[in-house]
Amino acid sequence: MPECASPPYSFYEVKDGRPRCEGLVEHSLATACVASKVFGERLSRVFGNTEVDAAYLLNLSAYLHDIGKASSLYQEKAASLGEGGSMSFWLHHVVSFILLQVAYMKKTDPVLQYASYAVVRHHQAMKTTHKLCGEDSRGMWHLTRAVKGLNIKWVEEVLEAGESRGFINRPHAEVVLEAAGELVRLDDGSIASLGEPSCRSDSLKDNPKLKRLVVSVAGAVIVSDIAVSSLTRGGGNLLAEMWMRELPILRPVAEKCISEAGNVRGK
């Protein structure tokens, strides 16, 4: 793993007295690259007659799945980590969901809404997500702090890199950035109301075809995300190893995508 550049990070830990990290831009680029090359053609073939471009939906979802990590609530923890410590990005996928939902409300382009459904699903089954939806108010308090902590400069940096590689188009990048600017000024109640739909898993139950598309995209994002993370962080992920055996193309594609993403900031 390379020396740590400046934030924002997608992963950060201190091991053997040294920080180890993944940049958020690099991780987003590598994940979207893998998703596009491994799953893009297949999704386009299966969902070619839907109202949105399935390949672009995949690119958009894979690239923005971790955009919620571009918050000072998460990133400022890096400086205080000691030996064996690692950054926690609790509910970052819900921040990503909210950001895309607000962008959809501003532009009413369904691909933004469907992408929000896909990104929230890449960690929706986690136990920590369920705490947000329970009686314990700490989850919602944490979520509002994460949303208000969105760093517009970091969000813009991520969006610009994704646009340069073709994973997000200019109009969508612009509206996502506008949405981020609006979110940091909202009150806690408004943010909480935007986060509540992420607790419901039945939002697509009345549209089975759309649900199948969103779940398929989310699955491709999950596989791509874990493959990139495992290779970048030194392996050891059993799910990643299983998927790489089942999909022989996955490892070489991921290795190439990681290498290409690592050149973004002059590494």
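The values are calculated or read from the model by the stated rules, or taken from the named source; none is laboratory data. All values derive from a computational prediction rather than experimental measurement. Note that we place each Cβ from the backbone using ideal geometry, even for glycine, and neighbour counts take in every protein chain shown. Each accessible area value is taken on the protein alone, full model and side chains, heavy atoms only, with ligands, DNA and RNA left out. Shrake-Rupley method; radii C 1.70, N 1.55, O 1.52, S 1.80 Å.
Figures for the structure shown
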read-out: Where D225 falls short, out of the listed (1) among the acidic types (D, E); (2) within 16 Å of the chain's Cα centre (by Cα); (3) not in a helix (DSSP H, G or I); value: (3)
read-out: Residue among T50, T31 that is hydroxyl-bearing (S, T, Y) and more than 18 Å from E255 (Cα to Cα); value: T50
read-out: Selection within the range 167-179 - assigned to a helix (DSSP H, G or I) and open to solvent by less than 70 Å² (accessible area, probe 1.4 Å); value: P171, H172, A173, V175, V176, L177, A179
read-out: Members of the range 145-166 found to be open to solvent by less than 50 Å² (accessible area, probe 1.4 Å), assigned to a helix (DSSP H, G or I) and closer than 14 Å to A32 by Cα, listed by number; value: V158, L159, A161, G162
read-out: Among the residues listed as K77, K69, the single one being surrounded by 24 or more Cβ atoms within 10 Å (Cβ to Cβ) and either touching a helix residue (DSSP H, G or I) at 6+ places or on another chain (Cβ under 7 Å) or over 21 Å from I191 (Cα atoms) (or both); value: K69
read-out: One residue from R233, R251 being within 26 Å of S86 (Cα to Cα) and at pLDDT below 95; value: R233
read-out: Selected residue (only one of D225, D202 is of a type in the set (D, E, K, R), modelled with pLDDT of 95 or more and under 20 Å from H93 (Cβ atoms)); value: D225
read-out: Residues being in a strand (DSSP E or B), in contact (Cβ under 8 Å) with a residue 12 or more places away in the chain and either open to solvent by 10 Å² or more (accessible area, probe 1.4 Å) or under 16 Å from W154 (Cα atoms) (or both) - total across the range 2-35; value: 11
read-out: Residue among S71, S80 that alone is out of contact with any Ser or Thr (no Cβ under 8 Å at 6 or more places or on another chain) and at pLDDT 95 or above; value: S71
read-out: Residues satisfying the stated conditions in the range 96-119, i.e. under 15 Å from the mean Cα position of the chain (by Cα), closer than 15 Å to E196 by Cβ and open to solvent by 10 Å² or more (accessible area, probe 1.4 Å); value: Q101, Y117
read-out: V38 out of contact with any strand residue (DSSP E or B) (no Cβ under 6 Å at 6 or more places or on another chain), buried (at least 16 other Cβ atoms within 10 Å of the Cβ), more than 28 Å from L183 (Cβ to Cβ) and hydrophobic (A, V, I, L, M, F, W, C); value: yes
read-out: In the range 237-265, the residues that are outside any helix (DSSP H, G or I), open to solvent by 50 Å² or more (accessible area, probe 1.4 Å) and closer than 23 Å to S164 by Cβ; value: N263, V264, R265
read-out: Residue pairs meeting the criteria (Cβ under 6 Å; at least 6 apart or on separate chains; first closer than 18 Å to W141 by Cα, in the range 177-200; second among the polar types (S, T, N, Q) and open to solvent by less than 20 Å² (accessible area, probe 1.4 Å)); value: D188/T144; I191/T144
read-out: Filter result (small (G, A, S), under 15 Å from L159 (Cα atoms) and in contact with a Phe, Trp or Tyr (Cβ under 7 Å, 6 or more places away or on another chain)) within the range 54-73; value: A70
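Residue-by-condition table, conditions (1) among the β-branched types (V, I, T); (2) surrounded by fewer than 18 Cβ atoms within 10 Å (Cβ to Cβ); (3) farther than 26 Å from E22 by Cα:
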| position | (1), (2), (3) |
| --- | --- |
| G181 | no, yes, no |
| D187 | no, yes, yes |
| E196 | no, yes, yes |
| K211 | no, yes, yes |
| V214 | yes, no, yes |
| V223 | yes, no, no |
| S230 | no, no, no |
| G235 | no, yes, no |
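A quick yes/no check of all residues on (1) modelled with pLDDT of 90 or more; (2) surrounded by fewer than 17 Cβ atoms within 10 Å (Cβ to Cβ):
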| residue | (1), (2) |
| --- | --- |
| V52 | yes, no |
| Y56 | yes, no |
| H65 | yes, no |
| M87 | no, no |
| H93 | yes, no |
| E135 | no, yes |
| L143 | yes, no |
